[in-house]
Amino acid sequence: MIILRKISSQQQLSECIGLGEDLIGVVDGNNQVFNTQSEYVSGTVVVFYNGQALYADHDFTETGPDEITFTYIKPGETGFDDVLKVAYKYSDCSGVSSTTQKGKAVIGTGNDSVLINFGEAFSNTNYIVTTNLVNGVDSQPNVYPYIVGPKTTSGFTVYFQDTIDSNNYYLEWIAIAL
C-alpha cells in the first residue's frame, strides 16, 4: 500500500491518496460487496481487478463511505486467485502517520563514506532515502558516484566511489517512512 500525502499551507487541509490498497471482503465467487481500508471521497475510487482498472457507475457503485459493490463481477467465480486493489482519496487523512526526517551532512576531505544518524529512530527499516551530493563552492568539482549502503532504524551510510578531495561537499538527504 502506498499513501501519498500532499502537505499544504495552513489555510488548506492536507489530502491523502491511497494507491494499491487491498479491498477487504470475501473472494468466493458470490460476494460482490467489498470495503476500502479507510473512508473515501465520493467519486475518487478506482478499483483494479486483476490489473484492469474499473470505474464507478459502470463496473461498480460506491455504496457507502468505505464500501463498493461490483455491478456484474463476482471475484473468485472463475476459480483463479483474483487480485483486488483500489486507489482513492481519503476523506480524512489526519490519522495517517507520515514520518519524515531530513538534513545535510558535511563530508570532509579524504572520506569515502558518510554515516547519517537520525534525530529519532524509525520503528523499522521500511523507509526510503533520497540523497543529493552538492558542492557549490569549487569552480570545477569532481563527480563522485555513490550508493546508499545498509539502512538501520537509526540511520544509513553512503559510500563514495573515491575519497572526497575537498571540504566543500555535503550530502542533502530525506528519509520517509513507508
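Read-outs: derived from the displayed coordinates by stated rules, not from any lab. Remember, predicted model here, so these are calculated numbers, not experimental data. Please note: Cβ atoms are built from the backbone with ideal geometry, for glycine as well, and neighbour counts cover all protein chains shown.
Given the range 2-89, what whole percent of its Cα pairs are spread farther than 20 Å? The share of Cα pairs beyond 20 Å in the range 2-89 comes to 33 percent. Remark: the range 100-177 carries a charge dipole of roughly 280 debye about the Cα centre, counting +1 on each Lys and Arg Cβ and -1 on each Asp and Glu Cβ.
If packing is taken as the average number of other Cβ atoms within 10 Å across a peptide's residues, how do 77-84, 111-118 rank, most packed first? It would help to have the intermediate numbers written out before the result.
Details: 77-84: 12.2, 111-118: 15.8.
Going by the mean number of other Cβ atoms within 10 Å, highest first, we get 111-118, 77-84.
Hey, could you get me the Stokes-Einstein D for the chain, Kirkwood radius over alpha-carbon pairs, 37 °C and 0.692 mPa s, rounded to whole µm² s⁻¹? Estimated diffusion coefficient is 167 µm²/s.
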